[in-house]
1. Which ones in segment 24-83 are among the hydroxyl-bearing types (Ser, Thr, Tyr), more than 11 Å from the chain's Cα centre (by Cα) and at pLDDT 95 or above?
2. Only one of MET172, MET158, MET193 is of a type in the set (A, V, I, L, M, F, W, C), closer than 25 Å to VAL123 by Cβ and surrounded by fewer than 18 Cβ atoms within 10 Å (Cβ to Cβ). Can you tell me which?
3. I'm told TYR134 meets every condition in (1) surrounded by 14 or more Cβ atoms within 10 Å (Cβ to Cβ); (2) assigned to a loop (DSSP other than H, G, I, E, B) except one. Can you identify the failing condition by its number?
4. Could you grab me the full set of residues in segment 279-308 that are farther than 27 Å from ILE318 by Cα and either of a type in the set (Val, Ile, Thr) or in contact with an Asp or Glu (Cβ under 7 Å, 6 or more places away or on another chain) (or both)?
5. Test of understanding: among GLY73, GLY35, GLY61, GLY50, which residue is in contact with a Phe, Trp or Tyr (Cβ under 6 Å, 6 or more places away or on another chain), surrounded by 12 or more Cβ atoms within 10 Å (Cβ to Cβ) and within 30 Å of SER154 (Cα to Cα)?
6. Restricting segment 288-321 to residues that are surrounded by 12 or more Cβ atoms within 10 Å (Cβ to Cβ) and aromatic (Phe, Trp, Tyr), which is nearest to ARG257 (Cα to Cα)?
7. Restrict the check to segment 186-196 and report whether at least one residue is assigned by TED's automatic domain parsing to the domain that holds THR160, over 25 Å from VAL86 (Cα atoms), touching a strand residue (DSSP E or B) at 6+ places or on another chain (Cβ under 8 Å) and in contact (Cβ under 8 Å) with a residue 60 or more places away in the chain.
8. Please enumerate the residues belonging to segment 187-219 that are closer than 21 Å to TYR267 by Cα, part of a strand (DSSP E or B) and not small (Gly, Ala, Ser).
Amino acid sequence: MTKVFDATKFRKSITKSIQGLGIGFSDPTDWISTGNYALNYLMTSDFNKGIPLGKVTVLAGESGAGKSYIASGNIIKNAQDQGIFVILIDTENALDEQWLQALKVDTSEDKLLKLSMSMVDDVAKTVSEFMKGYKEQHADNKEGAPKVLFVIDSLGMMLTPTDVNQFEAGDMKGDLGRKPKALTALVRNCVNMFGSWNVGLIATNHTYASQDMFDPDDKISGGQGFIYASSIVVAMKKLKLKEDEKGNKVTDVRGIRAACKVMKTRYAKPFEGVQVKIPYDTGMDPYSGLVDLFEKKGLLVQQGNRLKYIDSKGKEHIEFR
């Protein structure tokens, strides 16, 4: 009879010989809501999840599409509510304390560390030094280590040493492809360093219009490398919101409609989209987009200008939209 292989000795051997080796699965145990139930569901197949700790998430979109509102506003606020310490790296020099506080973010030093830097190398060094000290301090109690979330706003504005040197010399040739490689290395190293630790990263990035008539989706700047390393990638587009609080059409712009399309996710079906309304006066409604989502799933059926649904007890309801 063939003997069953005993991996105990082999496991001990490689654990001693390979530094930083992780054994077993490291599925996410902590999730931070985006502030919108429909977007949470499309990203993770769960209305109450969002972005995971231990992984990398990227929100990419044009200017004013709501990236910073979700990443630096909603997600930081919800992370703080869960006792997660946030390190906010502002590469755009655009995040004001008053704006963050208006989104209910606690800007006190014991809840948030805001850093302003513009070089890819500086961001990489900051994350690397933090993780080195973090792992040394909590090596004996990984489960009890404090939970930390890095927020980088944004990847697209970061500079390479080549950019700076050319600017100082007045010779603007471009970085000759060094920035995509640097961003890829940054995200890839973050994925490997975070691993099974209670540390996560969410970053925003820019998009540009596609020149391919057969693939009209906007392209994310910085190359494809860091997209492979990310667990969730959401592309966002800005649309005008021209309706009042009751849903009536108006002529003036009352806010934006953030058209969110999940380009990549390891926890749900990709390439699904939802429009999230963000009125200027009231901010994002966490229930925005659910009606459209339920219609796509067949839970709501249109009958004329009304919607029909059947509750858990089998009773039929017909309501105006």
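1. In the first step, residues of segment 24-83 are kept if they are among the hydroxyl-bearing types (Ser, Thr, Tyr); the result is 26, 29, 33-34, 37, 41, 44-45, 57, 63, 68-69, 72.
Pick out the ones that are also more than 11 Å from the chain's Cα centre (by Cα) and you get 26, 29, 37, 41, 44-45, 63, 69.
Listed by number, the residues that qualify are TYR37, TYR41, THR44, SER45, TYR69.
2. Values: MET158 fails: surrounded by fewer than 18 Cβ atoms within 10 Å (Cβ to Cβ); MET193 fails: surrounded by fewer than 18 Cβ atoms within 10 Å (Cβ to Cβ).
After applying the criteria, what remains is MET172.
3. Status for TYR134: all satisfied but (2).
4. Narrowing segment 279-308 to residues farther than 27 Å from ILE318 by Cα: 279-283.
Correct list: THR282 only.
5. Values: GLY73 fails: in contact with a Phe, Trp or Tyr (Cβ under 6 Å, 6 or more places away or on another chain); GLY35 fails: in contact with a Phe, Trp or Tyr (Cβ under 6 Å, 6 or more places away or on another chain); GLY61 fails: in contact with a Phe, Trp or Tyr (Cβ under 6 Å, 6 or more places away or on another chain).
Result: GLY50 is the single residue among GLY73, GLY35, GLY61, GLY50 that is in contact with a Phe, Trp or Tyr (Cβ under 6 Å, 6 or more places away or on another chain), surrounded by 12 or more Cβ atoms within 10 Å (Cβ to Cβ) and within 30 Å of SER154 (Cα to Cα).
6. For segment 288-321, the residue satisfying everything is PHE294.
7. In the first step, residues of segment 186-196 are kept if they are assigned by TED's automatic domain parsing to the domain that holds THR160; the result is 186-196.
Cutting the leftovers down to over 25 Å from VAL86 (Cα atoms) gives us none.
For segment 186-196, residues assigned by TED's automatic domain parsing to the domain that holds THR160, over 25 Å from VAL86 (Cα atoms), touching a strand residue (DSSP E or B) at 6+ places or on another chain (Cβ under 8 Å) and in contact (Cβ under 8 Å) with a residue 60 or more places away in the chain: absent.
8. Hits for segment 187-219 are VAL199, LEU201, ILE202, THR204.
The values are calculated or read from the model by the stated rules, or taken from the named source; none is laboratory data. Because the structure is predicted, anything quoted here is derived from the model rather than measured. No Cβ is skipped: glycine too gets one built from the backbone with ideal geometry, and neighbour counts run over all protein chains shown.
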